[in-house]
Amino acid sequence: MTKKYQSWGMYPKVEQDDICLTDRYQNLPADCPSMLPFGNGRSYGDSCLNADGLVVDTRYLNNFISFDSALGLLRCEAGLLLSEILELVVPQGWFLPVTPGTKYVTVGGAIANDVHGKNHHVAGTFGCHVKRFELLRSDGERLCCSPTEHVDFFAATIGGLGLTGMIVWAEFQLQRITSSDMDMECIKYDSLEDFFLLSAESDLDYEYSMAWVDCTAKGSKLGRGHFLRGNHANTGGLQATEQAFSLSVPVVPPVSLVNSLTLRVFNTLYYERQRQSSVKNTSHYESFFYPLDWVLRMNRIYGPNGFQQYQCVIPRQQSEDAIREILTAISFSGMGSFLAVLKVCGDIDSPGLMSFPKCGTTLALDFSNNSSKTAALFKVLDEILIAAEGRLYPAKDAHMSGELFKSCYPNWGEVCRLKDPNFSSSFWRRVMQE
Amino acid sequence: MKKVLIIGATSAIAISTSRLLAVRGSQMFLVGRNEVSLRASKDDLLVRGADKVGYVSMDLNETQRHGECLNEAIAFLGALDIVLIAHGTLSDQQACEASVELTLGEIKTNALSTVSLLTLLANLLENQGSGVLAVISSVAGDRGRGSNYVYGSAKAMVDAFLSGLRNRLSKKGVQVLTIKPGFVDTPMTAELAKGILWADPDTIAKGILLGIDKGRNIVYLPFFWRYIMLIIKFVPEFVFKRLSL
Ligand SMILES: Cc1cc2nc3c(=O)[nH]c(=O)nc-3n(C[C@H](O)[C@H](O)[C@H](O)COP(=O)(O)OP(=O)(O)OC[C@H]3O[C@@H](n4cnc5c(N)ncnc54)[C@H](O)[C@@H]3O)c2cc1C
Ligand SMILES: NC(=O)c1ccc[n+]([C@@H]2O[C@H](COP(=O)([O-])OP(=O)(O)OC[C@H]3O[C@@H](n4cnc5c(N)ncnc54)[C@H](OP(=O)(O)O)[C@@H]3O)[C@@H](O)[C@H]2O)c1
């Protein structure tokens, strides 16, 4: 069953074996020289793939273990989806400490990529809230890791891309909420400078902020978009979910539905859809955090060749110039995605050794995969990124060179030392040039 | 607050169903053969909202222990509002063809053990004058096919047994629900290639609860299998025998 275990970008396509663990006391297969835990395949590139090796599916490791509803401390198995956690904890007045832009990721995946969200400037990464986890090594050893036990494995596993062993269960701290609603404001802004001004102003008073950017806009309009900021509301009920219904893209269309024409039309319509310069409202957390989740399998719209995401972070000093250069290069290429995302990250350090975010600005957008054009553009973008001392997000990557990886993630050697000898991934072999 | 007995509680479909029942605040007793999984499920169901959860670990082919097992369940729960029987194995048809022992073993797991449980449970619920007996059979029981008739015929026996029980117990206030899933993506079918007809266990679980809540007799899950099986049952035997199914 090679088809089922794809990454979100449906690229690269690989052949690999798979097994499912059905309870958390099981050991990993003995004598398998190359395995990799698989969460829910919401990583885009090849970091969740293991070509010619084995992926160990964790989806049945989805039991809650304990929940202290007075302290907001949750312990659960690593294959549990954030969506299921929300269903349990929201009605009891708790929320995830950090959430990515989709709730369909597993706890194991959230730790292994040390995911970040719209609140990075005040909450750091998911790993900052992890108290403890059990790491299962291929030799059967089980390490309980925390900031005080097996500290080196704790640090190497958070953002460790699944290479140090399999996280079996984890315990992490939730945040209190009094309502499942969000007080939010969407501000239409028309230049990149405005984005940075809005960010600087908002990040003092708003727990969450980010912007949707029109990646087709050029010149003085470059970087224009909608700035979204919000806080958990104080009133309103505690409803776990908003809508019972969802749509799904049923099949992979024969060609990508994303091209320079649909891109321009969509981005312009999206930008113009809001007439007023600012709209404030209160809405359920799902529409604030997961606007894309109600269309299941959205990744199919890029057609059979799939797509790649480019997500980088540029350190604060160089942010504005480098982001401008990157957006300029993208808008001239005519490629890009319906929705590009910009966010200013804060300076809260993660315990993880290979965490992606750093103090600065992150930009993320998708590109249809038409090999030579995409590769040429990525080369240009990488050069801007290298000059600005930025880095790429392995969770979204299918192209970065080994050299670039090693220079952006200087702690890779330590992770290499603690890596499980029988674990590997397509991504890892690519950047280690094995 | 419902008192629920789940037999074959570590099956993926049973787990999904028990989680939905836990959210409703049920009291639950689990029976399965994997002790550590049962313990993990107990903690999980308690976190999800179950009022209390007990379990016993046993191989369900040890039919002589069924009485003792049901006594334990009743001692824990006090009564039985809902019983779900979910255990089973997807027989290796070719291996069965080469072995009488294996074939009879599969019939035991998929039919006789269930018949044994149902015989005891029918009397308990009849005396109680209430309750739901929900049993997972399969669309495979609707017609024997060359690729799968050992499993299919075991499920067919369960179907006929349930139909008889329904006839007997409907007069006594007991609901008998025959659950007929199509292809479900669970550990049982891990080896099979998946296509568009496949459902996930959560979808099946919702259908099971709906069937229980609405007092249904037979549910095909997802619903379209009723029509697929209607067509399959309709094919005349002289044609059917030539098909490779
Ligand atoms: C629509 C969308 C929006 C997104 N938004 C964001 C965002 O805002 N911020 C962000 O940071 N990311 C974002 N992502 C990326 C996503 O959050 C990460 O890729 C996440 O790690 C995916 O988790 P998963 O459970 O699907 O894991 P997978 O993608 O299956 O695996 C991810 C990695 O985790 C490892 N892993 C999985 N389970 C375990 C385990 N039990 N033990 C050890 N290692 C394990 C795998 O080996 C792999 O290296 C987004 C993705 C999508 C599709
Ligand atoms: N999956 C499908 O496509 C499908 C389709 C139609 C009908 N069904 C039926 O649905 C039911 C549930 O199956 P599933 O799909 O959820 O598969 P599953 O997860 O593999 O569940 C089967 C369960 O039966 C248990 N079991 C088997 N023999 C047992 C024994 N002798 N004693 C105790 N427990 C035993 C297994 O226990 P262990 O975990 O300990 O092995 C397992 O938990 C079965 O009756 C199956 O026939 C399934």
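Every read-out reported here was derived from the displayed coordinates using simple, explicitly stated rules and does not represent laboratory data. Nothing here was measured: the structure is a model prediction, and the numbers come from that model. Neighbour counts are summed over all protein chains in view; Cβ atoms, including those assigned to glycine, are modelled from backbone coordinates with ideal geometry.
How would you rank B:76-83, B:2-9, highest first, on the average number of other Cβ atoms within 10 Å across their residues?
Order by mean packing, descending: B:2-9, B:76-83.
Using Cα pairs closer than 8 Å and at least 6 residues apart in sequence, work out the relative contact order for chain B, in percent. All intermediate terms of the calculation are to be shown ahead of the outcome.
On the way: 426 pairs, mean separation 43.6, N = 245.
After rounding, I find 18 percent.
Over chain A, with a single point scatterer placed on each C-alpha, what log10 of the ratio I(q)/I(0) does the Debye formula yield at q = 0.08, 0.09 1/Å?
Summing over Cα pairs of chain A leads to -0.41, -0.53.
At 0.36 nm per residue, and after removing the present C-alpha to C-alpha distance, how many nm does the segment from B:TRP198 to B:LYS241 gain when stretched out fully?
Working: separation 43, 0.36 × 43 = 15.48 nm, distance 2.56 nm.
Here the segment from B:TRP198 to B:LYS241 would lengthen by 12.9 nm.
Identify all lysines with a Cα-Cα distance to A:LYS218 below 20 Å; exclude those on the same chain that are fewer than 8 residues away in sequence.
The reachable lysines, counting only those whose Cα sits under 20 Å from A:LYS218, are A:LYS188, A:LYS343, A:LYS373.
Just subtract the alpha-carbon distance of A:THR178 and A:MET432 from 0.36 nm times their residue separation and send over the number in nm, one decimal. Don't jump to the answer; show the numbers that get you there.
Working: separation 254, 0.36 × 254 = 91.44 nm, distance 4.68 nm.
Working it through step by step, the gained length comes to 86.8 nm.
For chain A, with a Gaussian network of springs between Cα atoms less than 10 Å apart, report the residue from A:TYR310, A:TYR60, A:TYR11 with the top mean-square fluctuation.
Between A:TYR310, A:TYR60, A:TYR11, it is A:TYR60 that shows the largest mean-square fluctuation.
Is any residue of segment A:223-259 close enough, with backbone N under 18 Å, to a label point placed 7 angstrom from the Cα of A:LYS280 along the Cα-Cβ axis, and if so, which?
Under cut-off, by backbone N: A:227-236.
Can you give the FRET efficiency for B:PHE234 and A:THR262, using 1/(1 + (r/R0)^6), R0 = 30 Å, r = Cβ-Cβ distance, to the nearest 0.05?
On the way: r = 46 Å, r/R0 = 1.54.
Rounded to the nearest 0.05, the efficiency is 0.05.
Tell me the Rg and the Dmax, in Å, that the Cα atoms of segment A:15-78 produce.
Reported Rg and Dmax, both Å: 14.4, 47.
Could you list, in their original order, any pairs among A:LYS13/A:LYS379; A:LYS103/B:LYS52; B:LYS3/B:LYS171 whose Cα atoms are separated by more than 25 Å?
A:LYS103/B:LYS52
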